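Notes to accompany the following structure.
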Amino acid sequence: MLAAVELRPAAPKNIRGLKADPPPIFISTRPAALVNIDGSPIWHTVRKGPPQYAVNTNWDLIRDPASAT
């Protein structure tokens with residue numbers, strides 16, 4: 001099986017619908033959480049109040065639309 005493996009490293013290729021670019025590397029010198037959002041945040045209102053939450057993330061991401069915090 002090893003004889004069938006090429007000796008040169010594999011070169012990533014972009015094909016239609018799939019990018020082979022390496023992901024960015026994030027570095028923090030203090031405690032942090034990396035929040036993955038699928039595209040731009042999609043905000044929905046929490047019940048009848050002003051707080052909003054992002055539905056397209058794996059974290060609880062909540063903001064106040066008045067101050068955008």
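The values are calculated or read from the model by the stated rules, or taken from the named source; none is laboratory data. Being a predicted model, the structure only gives us computed values, none of them experimental. Glycine gets a Cβ as well: all are built from the backbone with ideal geometry, and neighbour counts include every protein chain shown.
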Residue check, PRO65 in contact with a strand residue (DSSP E or B) (Cβ under 8 Å, 6 or more places away or on another chain), in a loop (DSSP other than H, G, I, E, B), at pLDDT 90 or above and surrounded by 10 or more Cβ atoms within 10 Å (Cβ to Cβ): no
Every pair of residues 6+ apart whose Cβ atoms lie under 9 Å, when the first sits in the range 31-56 and is farther than 20 Å from SER67 by Cβ while the second is part of a loop (DSSP other than H, G, I, E, B) and acidic (Asp, Glu): ASN56/ASP38
Selection from the range 1-59 of residues that are β-branched (Val, Ile, Thr) and loosely packed, with under 10 Cβ neighbours inside 10 Å: VAL5, ILE15, ILE25, ILE27, THR29
